[in-house]
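Let me begin by presenting the structure, written as structure tokens, before commenting on it.
All of the numbers you see were taken from the coordinates with simple rules; none came from a lab. What you see is a predicted model; the values in this text were computed from it and never measured. Here Cβ is always computed from backbone atoms with ideal geometry, including for glycine, and neighbour counts include all displayed protein chains.
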Amino acid sequence: MEKLDLRSRVERSVSRRTFIKGVVATGATVSAGAYVLRSSGASTASAQGAVERLVTLRVNGQDRRVDVMKQETLAMTLRYKLGLTGTKIGCDRADCGACTVLVDGVPKYSCSLLTHQVRGAEVTTIEGLANGDELHPVQQAVVDEAGFQCAFCAPGFIMAMVGTIQESPSLTRDEMAHALSGNLCRCADYPKILNSAMRAAEYMRSTTA
Amino acid sequence: MFPSRFDYVAPDTVEEVLATLAQHGDEAKILAGGQSLIPLMKLRFASPGLLVDVNRVPGLGFVEETGEHLRVGTLTRNTELERSALLKSGYPVMADAAPMISDPLVRNRGTIGGSLAHADPAGDWGSVMLALGAEVVIKSSTDERTIPVSELLVNTFTTSLDPTEMITEIRVPKTPARSGGSYLKMERRVGDFATVATAVHLTLDNGTIKRAGIGLTAVGSKNLQASAAEDALAGAEPTAEAFEEAARLAAEASSPSSDVRGSAEYKKAMVRTFVRRGLDKALELARG
């Protein structure tokens, strides 16, 4: 639905014809828009800041050496190169939040970050939360409140909760809903997810107190 | 999904970024927050040959008032703008807009300069900057220029930037004491593109309107400036009649298309309603 929606939106607003008309009408100085709908042409640039394919990523406190293509997203690398399949890929276009991970403690869509962009950063996935058999307080809260239906969105929600609560431990329910609004649940289990988030904040306040 | 193949560089300085752009021209594309660009590349709507990642360049993210301007660094994340006390106290139209941009995860990455350079007619910052009469500072390896945002935004996804240029900074004129503003946005759900949004900025002088700025989101081929409405308000008394007339003129200036978010007629009607409400809210703030 969202894919079709975005596709139709872009196609409608920038059909080739209107795009060319736009360029003609606005004169030759206008060229920055040309990156949309242009045909692919990979260049063989060797410029300052060039990167190597073999990179070391810091994931869940471990250094992981991995061979990464330039066009690979972090979500792809985590799931298919590092075997960290807790991170889910839902919409794959910065919309649903199933792929949420922490980068230097901040929740981000791993589907819309290139893996090369997180070189040198600390990446935390759902697999990095528990301490052995002991669940992270946020995970415990989600279990205690049964804050999931099918749970496909749960890893993303939990990572967003961890990042949010670490940043702001005492949000109201409304503020929490706003803070977690980048994550979607197709089962629409939002009341229980929010119960979990509020419980999680409570657990985290008491563990740090 | 994978984007088409591209080359990727991540320079450490603005000079290196500009030198790379100068060398590669329209093959190259700057990667800032990437929350529009990367999805567009994965859908194969955009296939730049070289991505120039500017996220490792220090000093491009800041919000500060100096002399005549509020200066905002091009790489300032929307989350930082959302939290800025400076915007909350002096630039209400920006403070209103920041938390309404897409969703929190996008705001953690997305940048103000990236939003302006992307020139999506449904983007929020363009309208806000039109309302405020803001300028952008643009650099290339050989030149530096400052142009109004109204001259930056040309058409859908199209700006007057040369492929060798980069926006480095946004300059908003300092708001005088008796000023107010508002950003009102209708969206089907959080994170969706706007159905309609309106940016309003008002400055009063001795009870009359000294300057009014009105920008419109998602109702044309780019962020629109409602110039006729602005002109009608300049020098006028801030009355309900004047606001109603300005709202009518703004709706007239919009050219929305019918889509899943609503019919063109409905969107025009919402522009009228939102501009009127936005002016009321801005006036309240301006009167303090």
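Each of the peptides B:20-30, B:48-58 was scored by the mean count of other Cβ atoms within 10 Å over its residues; in descending order, highest first, they stand as B:48-58, B:20-30. Per-residue extension of 0.36 nm, minus the Cα-Cα distance of B:ARG44 and B:ALA85, leaves a gain of 10.8 nm for this segment.
Over 32 Å between Cα atoms: which of A:LYS108/B:LYS210; B:LYS29/B:LYS281; B:LYS29/B:LYS210; B:LYS210/B:LYS268 fall into that group? From the list (A:LYS108/B:LYS210; B:LYS29/B:LYS281; B:LYS29/B:LYS210; B:LYS210/B:LYS268), the Cα-Cα distance tops 32 Å for A:LYS108/B:LYS210; B:LYS29/B:LYS281; B:LYS29/B:LYS210. The mean count of C-beta atoms from other chains within 10 Å of the C-beta of residues in B:45-54, rounded to a whole number, is 6. Mean partner shielding of peptide B:159-167, defined as the number of other chain Cβ atoms within 10 Å of each residue Cβ, is 3. Rg ratio for segment B:179-287: its Cα radius of gyration over 2.2 N^0.38 Å, N being its residue count, equals 1.02. When peptides B:188-201, B:260-273 are ranked by their average number of other Cβ atoms within 10 Å per residue, the highest-first order is B:188-201, B:260-273. Mean projection of the Cα convex hull over all viewing directions, computed for chain B: 14.4 nm². The mean count of C-beta atoms from other chains within 10 Å of the C-beta of residues in B:18-31, rounded to a whole number, is 3.
Comparing Cα centroids, segment B:183-208 and segment B:154-168 end up 24 angstrom apart. A protection proxy built from the mean count of other Cβ atoms within 10 Å ranks the segments B:92-104, A:50-62, most packed first, as B:92-104, A:50-62.
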